[in-house]
Amino acid sequence: MTGTDPFQVFDAHVHVGHWRTPDFAGRDSDLADVTRVLRSCGVTGALVMPTDSGDNDALLREVVRHRGTPGAAPALFFAAWVRPDDDSLTDFLARNLSHVSALKIHPSFNRLPITDPAYAPFLALAERRRLPVVVHCGRWREVAGWEKAVEVAERHPDIPIVLSHMGGDSPTLVLGAARAIRERALSNALLGTESIREYWLVAQALDLVGPERLVFGSDHNLNHPASFLAVIEALDLAPAERALILGGNARRLLGAAGKSVR
Ligand SMILES: [Zn+2]
């Protein structure tokens with residue numbers, strides 16, 4: 001690919017495939033659909049991950065094929081879906097490590113908080129390879145509370161931890177997570193902006209943690225990226241801050257040589 005910087009507008013939270021949970025009403029879209037939507041929003045790069053189907057093999061194959069297509073856009077980075085009870089996962093990671101740019105952990109679907117010892121081998125891998133870990137945070141506090149993700153970030157300063165939904169999709173959760181990151185000076189904990197609609201809340205969190213700690217994401221194929229790009233644009237940021245949130249921070253996390261699927 002020539003010319004376009006993958007991190008000009010980078011969507012750091014994109015799902016591809018079919019959702020099994022009845023909550024998402026059978027939502028399904030393939031990589032061709034997803035890349036069409038991303039391109040239509042001017043997204044130049046994305047971190048793509050499976051759905052709760054957890055089918056790493058199928059998605060990675062599609063991503064590799066996409067990367068082999070001349071002129072294919074956007075640039076894609078792959079995050080492996082981590083379910084500790086997935087018997088094929090250790091083997092998948094061993095075989096495909098050079099293609100894996102990040103790990104995705106969804107404690108709610110796994111019914112297992114990220115602090116559970118079952119994740120230890122995967123966190124150790126992330127630590128060794130400096131792989132960012134994208135962790136779903138939500139309202140089910142004892143399993144998916146931001147407190148658990150912050151605890152892991154504190155224990156593993158070499159793993160970049162991205163708290164999805166900025167720590168949980170509600171103002172009190174977002175501000176709680178932002179305050180904890182600030183008070184504990186956690187330079188490896190970042191907040192992913194996916195699905196946060198309240199632009200004023202993003203602005204408050206930004207005041208607390210600074211522009212180096214926010215990472216733009218949309219949670220496509222559930223959300224449309226345009227909705228959440230609009231939230232970032234509504235902040236009326238200085239160009240340097242906007243560039244960090246829309247891609248500069250993702251570049252820092254993912255941009256190391258050899259991590260993208262080529
Ligand atoms: Zn998601």
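The set of residues in segment 200-210 being surrounded by fewer than 17 Cβ atoms within 10 Å (Cβ to Cβ) and either part of a helix (DSSP H, G or I) or within 16 Å of the ligand (Cβ to nearest atom) (or both) consists of TRP200, ALA203, GLN204, ASP207. On inspection, ARG83 does not qualify as surrounded by fewer than 16 Cβ atoms within 10 Å (Cβ to Cβ) and more than 21 Å from ILE196 (Cα to Cα).
The residue of segment 1-27 that is surrounded by the fewest Cβ atoms within 10 Å (Cβ to Cβ), among those that are more than 20 Å from ALA80 (Cβ to Cβ) and of a type in the set (D, E, K, R), is ASP23. Scanning segment 30-41 for residues that are in contact (Cβ under 8 Å) with a residue 60 or more places away in the chain and assigned to a loop (DSSP other than H, G, I, E, B) gives a single hit, CYS41.
Selection of segment 29-52 for residues being under 19 Å from TRP81 (Cα atoms) and either within 15 Å of the ligand (Cβ to nearest atom) or hydroxyl-bearing (Ser, Thr, Tyr) (or both) yields SER29, VAL34, ALA46, LEU47, VAL48, MET49, PRO50, THR51, ASP52. The set of residues in segment 213-250 being within 16 Å of the ligand (Cβ to nearest atom), among the small types (Gly, Ala, Ser) and touching a helix residue (DSSP H, G or I) at 6+ places or on another chain (Cβ under 6 Å) consists of SER218 alone. When each of ALA12, ALA72, ALA58 is tested for being under 30 Å from THR115 (Cα atoms) and touching a helix residue (DSSP H, G or I) at 6+ places or on another chain (Cβ under 7 Å), the lone residue that passes is ALA12. Scanning segment 214-231 for residues that are farther than 16 Å from ARG36 by Cα and not in a helix (DSSP H, G or I) turns up LEU214, VAL215, PHE216, GLY217.
In the condition set (1) within 15 Å of the ligand (Cβ to nearest atom); (2) more than 21 Å from ARG251 (Cα to Cα); (3) under 19 Å from the mean Cα position of the chain (by Cα), ARG20 is compliant with all but (3). Within the span defined as segment 108-117, every residue fails to be more than 15 Å from the ligand (Cβ to nearest atom) and in contact (Cβ under 8 Å) with a residue 60 or more places away in the chain. Scan segment 61-85 for residues that are in contact with a strand residue (DSSP E or B) (Cβ under 8 Å, 6 or more places away or on another chain) and under 16 Å from HIS18 (Cβ atoms) and the total you get is 1.
Taking first residues from segment 164-184 that are closer than 20 Å to ALA79 by Cβ and at pLDDT 95 or above and partners that are within 16 Å of the ligand (Cβ to nearest atom) and among the hydroxyl-bearing types (Ser, Thr, Tyr), the Cβ contacts under 9 Å between residues at least 6 apart in sequence or on separate chains come to SER164/SER195; HIS165/THR193; HIS165/SER195; MET166/THR193; MET166/SER195.
Inclusion of ALA189 among residues that are of a type outside the set (Asp, Glu) and either surrounded by fewer than 23 Cβ atoms within 10 Å (Cβ to Cβ) or under 21 Å from ARG36 (Cα atoms) (or both) is not warranted. Selection within segment 5-17: residues that are hydrophobic (A, V, I, L, M, F, W, C) and touching a Ser or Thr at 6+ places or on another chain (Cβ under 8 Å). The member of this set that is nearest to the ligand (Cβ to nearest atom) is VAL14.
The values are calculated or read from the model by the stated rules, or taken from the named source; none is laboratory data. All values derive from a computational prediction rather than experimental measurement. Backbone-built Cβ (ideal geometry, glycine too); neighbour counts: all protein chains shown.
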